[in-house]
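**Q** A single structure is presented below for examination.
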Amino acid sequence: MATVNHFYLNDEEICTDAPAGTLVLDFVRRHAKLTGTKEGCREGDCGACVVLVGELAGERVVYKPVTSCLMPLGEAHGKHLVTVEGLNGAALSPVQQAIVDEGASQCGFCIPGIVVSLTGYVMQRDVSIDTEGVKTALGGHLCRCTGYRSLKASAGHLQETVGAAVGVEALVERGMLPAYFQAMAECLQKIPPRRSPNGQAAPAFVIAGGTDLYVQRGEDIPEASVHVLNLHPEMKGIVRQDGAIRVGALTTFEEFAQHPEILEIIPEIQDYMFLIASWQIRNRATLGGNLINASPIGDMTILLLALDAGLVLKDGEQARATPITEFYQGYKQLAKTPSEILTEIVIPVPDASTKINWEKVSKRKCLDIASVNSALRVRCEDGVIQEAALAMGGVAPVPLLMTRTNAFLTGKPVSAETVEGAMPVVQDEIAPISDVRGSADYKRLLAQQLLMAHFAKLFPEEVSVEAFY
Ligand SMILES: Cc1cc2nc3c(=O)[nH]c(=O)nc-3n(C[C@H](O)[C@H](O)[C@H](O)COP(=O)(O)OP(=O)(O)OC[C@H]3O[C@@H](n4cnc5c(N)ncnc54)[C@H](O)[C@@H]3O)c2cc1C
Ligand code: FES
Ligand code: FES
């Protein structure tokens with residue numbers, strides 16, 4: 001018998017036995033008949049389907065915009081889903097009014113998703129509600145007729161209306177949210193937690209954020225048995241312990257990039273996010289999903305490879321640890337049994353003299369998959385490289401730790417000559433293929449350029465880009 005899924009959809013309490021793998025998008029449009037949420041690509045690319053997901057964090061509810069075309073309904077349990085219909089009080093909300101005032105809507109198909117994302121953006125703490133700031137919110141949306149200039153201009157109006165408002169009370173007062181939001185924390189606290197059955201039933205699909213799985217197998221999942229990992233909050237969170245940062249496999253890209261422990265070792269991490277997916281996808285995509293999907297160009301995978309992460313895998317109560325360097329055995333072949341779940345990623349804390357950099361080149365600057373990506377962790381003393389961990393994606397069937405290049409770099413001075421000397425070693429170590437993301441020759445060129453970029457960024461005094469031309 002299907003388990004009952006209990007959550008709030010706008011101001012309605014919902015208890016449903018609809019299959020856990022059903023897409024939130026389909027439930028909202030077909031079952032709840034809330035057709036303000038639009039269906040565009042069903043692949044996370046257009047943003048037409050964006051809804052807010054509110055989750056209890058202590059006494060308050062934290063809201064994030066996500067693409068409902070990639071989220072399993074089973075994960076809604078205990079949460080508050082908000083569609084565009086749930087944002088309206090008696091009048092247009094200030095976000096909608098700003099869009100009207102700027103003439104930012106023509107056919108209007110993209111607008112409900114954009115309204116939801118912009119509202120989600122002003123609900124965040126510590127963000128600047130200006131034209132630059134709202135680019136984050138608009139990043140996951142495609143508008144085919146109006147264009148983005150007038151949408152960005154709408155942000156100016158929001159600054160006037162919302163000002164420095166934070167918290168649900170203040171936003172309700174300014175007409176940004178309907179009053180029912182104020183009672184939502186109390187409503188969610190009354191829903192008892194539910195866990196996804198693990199192991200015994202050998203589910204057909206294990207779903208984390210669903211951002212790879214639904215794109216690859218979207219037709220098959222809704223009717224299949226699924227293990228919804230996000231019903232297991234113990235697989236989330238980041239703590240520092242015994243010289244390592246332990247990251248729950250369900251930690252999303254955004255949670256990772258905003259965490260103080262991660263910011264301390266990788267201060268530039270938030271800048272990298274601009275080149276990875278969109279805010280709406282990063283609110284869903286997990287580190288664990290990126291590693292298990294085993295794409296040779298997974299952005300987090302390449303970073304974690306350079307960081308020399310350890311992986312903790314569990315099968316029922318049996319746990320084992322494995323280094324990431326032994327995890328990828330061939331194209332999409334993992335050193336893992338089908339029933340093992342990745343629960344934790346363990347990152348050794350680098351010492352103060354270690355520098356880290358990450359680079360990505362893709363056909364389109366934003367919201368695109370890499371042609372080649374790369375990360376470098378390097379420790380130097382007195383201008384000499386003591387340890388180098390260069391990882392590259394898109395140049396081999398697996399995410400590649402460049403062991404020969406790393407050995408070459410170790411013990412050499414930090415200089416343009418050293419980087420030049422490493423280039424033939426890089427070329428010897430990689431074996432890119434031509435595909436839609438670029439020819440093999442182009443990827444070989446990129447591999448060299450990214451090596452230069454790492455050193456030019458990390459050591460601008462010793463290695464300038466001009467030295468190579
Ligand atoms: C529009 C869009 C843009 C994207 N842009 C990028 C990008 O710029 N860079 C990038 O790297 N990726 C990108 N992706 C791909 C995707 O978002 C990432 O790979 C993401 O990390 C996948 O994580 P997930 O939690 O959604 O995984 P899921 O889709 O839930 O799962 C992926 C696979 O891993 C398995 N799995 C997940 N978690 C576990 C676990 N803990 N234990 C065992 N098995 C598990 C699942 O069974 C499945 O086989 C994009 C995707 C979309 C839709
Ligand atoms: S329908 Fe396009 S992102 Fe969901
Ligand atoms: S207004 Fe038509 S797609 Fe944006």
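The numbers here are math on the coordinates, done by the rules we state, and not lab data. From a predicted model like this one, the values you see are computed outputs, not experimental measurements. A quick note on method: Cβ atoms are made from the backbone with ideal geometry, for glycine too, and the neighbour counts reach across all protein chains shown.
**Q** Would you work out which of Gly438, Val247, Thr136 lies farthest towards the positive end of the dipole of the chain? Charges go on Cβ: Lys and Arg +1, Asp and Glu -1.
**A** With unit charges placed on the Cβ atoms, the residue in question is Gly438.
**Q** Let me ask something additional. Lys38: which aspartates and glutamates have alpha carbons under 18 Å from its alpha carbon, excluding same-chain residues fewer than 8 sequence positions away?
**A** Candidates past the 8-residue exclusion: Asp26, Glu85.
**Q** Which entries in the list Lys152/Lys365; Lys355/Lys412; Lys314/Lys360; Lys33/Lys135; Lys79/Lys236 go over 21 Å, if you measure between the two C-alpha atoms of each?
**A** Correct reply: Lys314/Lys360; Lys33/Lys135.
**Q** List the GluC sites (Glu not before Pro) within the range 206-252 that fall in a DSSP loop (any state other than H, G, I, E or B) and whose Cβ has at most 14 other Cβ atoms within 10 Å.
**A** Of the GluC sites (Glu not before Pro), the ones in loops of the range 206-252 whose Cβ has at most 14 other Cβ atoms within 10 Å are Glu219, Glu223.
**Q** Using the Cα centre as the reference, give the magnitude of the dipole from point charges on the C-beta atoms of the range 354-468 (Lys, Arg: +1; Asp, Glu: -1; all else neutral), rounded to the nearest 20 debye.
**A** Computed charge dipole of the range 354-468: roughly 540 debye.
**Q** What does the charge count around Arg284 come to, taking other residues whose C-beta lies under 12 Å from its C-beta (Lys +1, Arg +1, Asp -1, Glu -1)?
**A** Residues close to Arg284 contribute a combined charge of -2.
**Q** Next up: Taking 0.36 nm per residue of sequence separation and subtracting the Cα-Cα distance, how much length would be gained by fully extending the chain between Val465 and Ser128, in nm to one decimal?
**A** 118.0 nm
**Q** Right, something else. Residue farthest toward the positive end of the dipole of the chain, with Cβ of Lys/Arg at +1 and Asp/Glu at -1: which of Leu171, Asn5, Val53?
**A** Asn5
**Q** Summing Lys, Arg as +1 and Asp, Glu as -1, what charge do residues with Cβ under 12 Å from the Cβ of Glu326 carry, Glu326 excluded?
**A** Within the 12 Å Cβ shell, the charges total +1.
**Q** May I ask for the percentage of alpha-carbon pairs in the range 112-217 that lie more than 25 Å from each other?
**A** 45
**Q** Over the chain, what is the mean sequence separation of C-alpha contacts under 8 Å (at least six apart), divided by residue count, expressed as relative contact order in percent?
**A** 11
**Q** Taking the Cα centre as origin and putting +1 on Lys and Arg beta-carbons and -1 on Asp and Glu beta-carbons, what dipole magnitude results for the range 122-167, to the nearest 20 debye?
**A** Here the range 122-167 has a charge dipole of around 240 debye.
**Q** Follow-up. Please report the projected area of the range 354-468's Cα convex hull averaged over all directions, in nm².
**A** Averaged projected area of the range 354-468's Cα convex hull equals 6.8 nm².
**Q** Starting from the Cα-Cα distance between Arg195 and Glu268, subtract it from 0.36 nm times their residue separation and give me the gain in nm to one decimal.
**A** Net length gain for the segment: 22.7 nm.
**Q** Computed FRET efficiency, Cβ-Cβ of Tyr148 and Glu59, R0 30 Å: what is it to the nearest 0.05?
**A** 0.20
**Q** If each DSSP helix of 4+ residues adds -39,500 (n - 2.57) and the sum is divided by the residues in the chain, what number results at 222 nm, nearest 500 deg cm²/dmol?
**A** Value at 222 nm, helices only, nearest 500: -8000 deg cm²/dmol.
**Q** Next up: Taking N as the number of residues in the range 5-189, what is its alpha-carbon radius of gyration divided by 2.2 N^0.38 Å?
**A** 0.97
**Q** Evaluate the distance, in nm, between pseudo-label points positioned 7 Å from the Cα of Asp242 and of Asp368 along their respective Cα→Cβ axes.
**A** 4.4
**Q** Run the numbers for Gln182 and Ala170: contour at 0.36 nm per residue of separation, minus the present Cα-Cα distance, in nm.
**A** 3.3 nm
**Q** If you don't mind, there's one more thing I want to ask. Using a Förster distance of 56 angstrom, determine the FRET efficiency expected from the C-beta separation of Ile433 and Asn88, and round it to 0.05.
**A** That gives a FRET efficiency of 0.65.
**Q** Shifting gears a bit: Let me see the pair-distance distribution of the range 282-365: every alpha carbon pair, 10 Å bin width, integer percents in order.
**A** With 10 Å bins starting at 0, P(r) equals 15, 47, 29, 8, 0.
**Q** Around Pro112, with a cut-off of 15 angstrom between Cβ atoms, what is the net charge of the other residues, counting Lys and Arg +1 and Asp and Glu -1?
**A** In short, +2.
**Q** Let me spell out the model: positive unit charges on the Cβ of Lys and Arg, negative unit charges on the Cβ of Asp and Glu, origin at the Cα centre of the chain. What dipole size does that give, in debye rounded to 20?
**A** The dipole of the chain has a size of about 860 debye.
**Q** If packing is taken as the mean number of other Cβ atoms within 10 Å per residue, what is the order of 408-421, 280-293, 428-441, highest first?
**A** 280-293, 408-421, 428-441
**Q** In the range 328-407, which trypsin sites (Lys or Arg not before Pro) are in a loop and have at most 11 other Cβ atoms within 10 Å, using DSSP for the loop call?
**A** Lys363, Arg364, Lys365
**Q** What is the projected area of the convex hull of the Cα atoms of the chain, averaged over all directions, in nm²?
**A** Mean projected area of the Cα convex hull: 23.0 nm².
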